[in-house]
Structure formats: C-alpha cells, structure tokens
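The values are calculated or read from the model by the stated rules, or taken from the named source; none is laboratory data. Computed from a prediction, not measured in an experiment: that's the story for all the values here. Quick reminder, even Gly has a Cβ in these numbers, built from the backbone with ideal geometry, and neighbours come from all protein chains shown.
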Ligand SMILES: [Zn+2]
C-alpha cells in the first residue's frame, strides 16, 4: 500500500503524506498531513491559552527528551544556526547590545568572577594591545590627543608601533618602548599622542631620555645607542 485517500480532503495521496499513528491498524492517521496541520493551526488560533498550556505540559513531562532533541537539532544544523545567529547580531546591533548590557548588570558579580582566570590569560596574550590601551587612556586623560580623537593614521601608526615594540623586544632580547619624540608632558614642550610624534626605541634609551628634550627628531635615537 503506497497510496491512501485522505478522509478529510478526499484526495488520493502518497503514504508519505500521512503522519504515523501506531495506535491505528493502518499505522497511519486517516487525514493527510496538510489537513491535520490545517486543523491544528485553526485550533491553535482559536484556543491560544489552551495551546500554550498543552505545550507547557508536554515540555514539563518531556524535559530530557526535548533537551536531547534540541541538542541533536543543534549538532545537525550547527553551521546554519551559527550563520543565522551572526546575521541576526549584525542586523540588530543596538538590540543585542542593550540586551547584553542588561544581562551584564543583572549578573555582574557572577560574570566578573567567571571571567577572572580568562582575563589574566587574555592580558598575557595581548600584552601589546594592553599596553596600547593603557597608553591611549593616559594620553586622552592628559588631553594630549588633538581634538580628543585619534585620526585613522594615528590609529594605524600607534597600533603598528605597539606591535613593532613587541616584535623587537622578542627579536633583540631586551625591551623596546613606544615613545613620544616630544614627550607628552615635557619641560620645554608638550607633544601630542599622534602619528608624527611616535617612535619605537629601546627601553633603556626611553628611560635615560626623561625630559631632556633629546631624541625629538626621527631616527635621532640611533645616535644614543
Ligand atoms: Zn487531506
């Protein structure tokens, strides 16, 4: 038997178009999937409260089954779900941000505690990023950023400088610093934290420089090595 007539719409359909019902002799429901779905949908629309109750009862009685099914569904559709999620976040940035902040404030203590071990690890792995963030905060606080805002070029040069400092430190075996040719808080002049005032020099030079107003020209520091 590979075809069956639906008792509702009277159409002759393939048996794959009927839901299974092991309580019936035929093993299939008498109405086709379309008719069953339509009836279910109509009932749901007419009895929203009852429907919610039924669903809740089912969920409560089948917690493990539901969890298992959910897990399986996730594993089978992982890539598509991740992509969908990414798309949603991209299109709802404000909403997602607001929800994250709300969640953060409500669960602040737990989050901060859980984050601690990772934070330390992150800091160690991102030393140059961390040094840069600290330097930026300091410069902004001292009003040494023109107009209170870094230009795109400043951003680029600063980030390259911090990476270079880290790389040279590794390569030469002694520490290198990101330095301001004209110091941010100098005796004679106060420099800006901007692309034109940045150099990467050995840390011992940076320390000996103090506020002497030397090494204020590009590559001048090479004479002091
Ligand atoms: Zn039907």
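For every residue, the table says whether it meets (1) within 12 Å of the ligand (Cβ to nearest atom); (2) free of Cβ contacts under 8 Å to residues at least 40 places away in the same chain; (3) part of a loop (DSSP other than H, G, I, E, B).
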{"site": "7", "(1), (2), (3)": "yes, yes, yes"}
{"site": "10", "(1), (2), (3)": "yes, yes, yes"}
{"site": "13", "(1), (2), (3)": "yes, yes, no"}
{"site": "16", "(1), (2), (3)": "no, yes, no"}
{"site": "22", "(1), (2), (3)": "no, yes, yes"}
{"site": "25", "(1), (2), (3)": "no, yes, yes"}
{"site": "35", "(1), (2), (3)": "yes, yes, no"}
{"site": "39", "(1), (2), (3)": "yes, yes, no"}
Exercise. For residue 147, all conditions in the list (1) farther than 28 Å from residue 122 by Cβ; (2) at pLDDT below 85; (3) surrounded by fewer than 13 Cβ atoms within 10 Å (Cβ to Cβ) hold save one; what is the number of the exception?
Worked result: (2)
Exercise. Looking at the stretch 170-218, which of its residues are closer than 21 Å to residue 155 by Cα and either without any contact (Cβ under 8 Å) to a residue 12 or more places away in the chain or part of a helix (DSSP H, G or I) (or both)?
Worked result: 195, 196, 197
Problem set entry | Selection status of residue 44, without any contact (Cβ under 8 Å) to a residue 60 or more places away in the chain, near the ligand (Cβ under 9 Å from one of its atoms) and surrounded by 11 or more Cβ atoms within 10 Å (Cβ to Cβ) | no
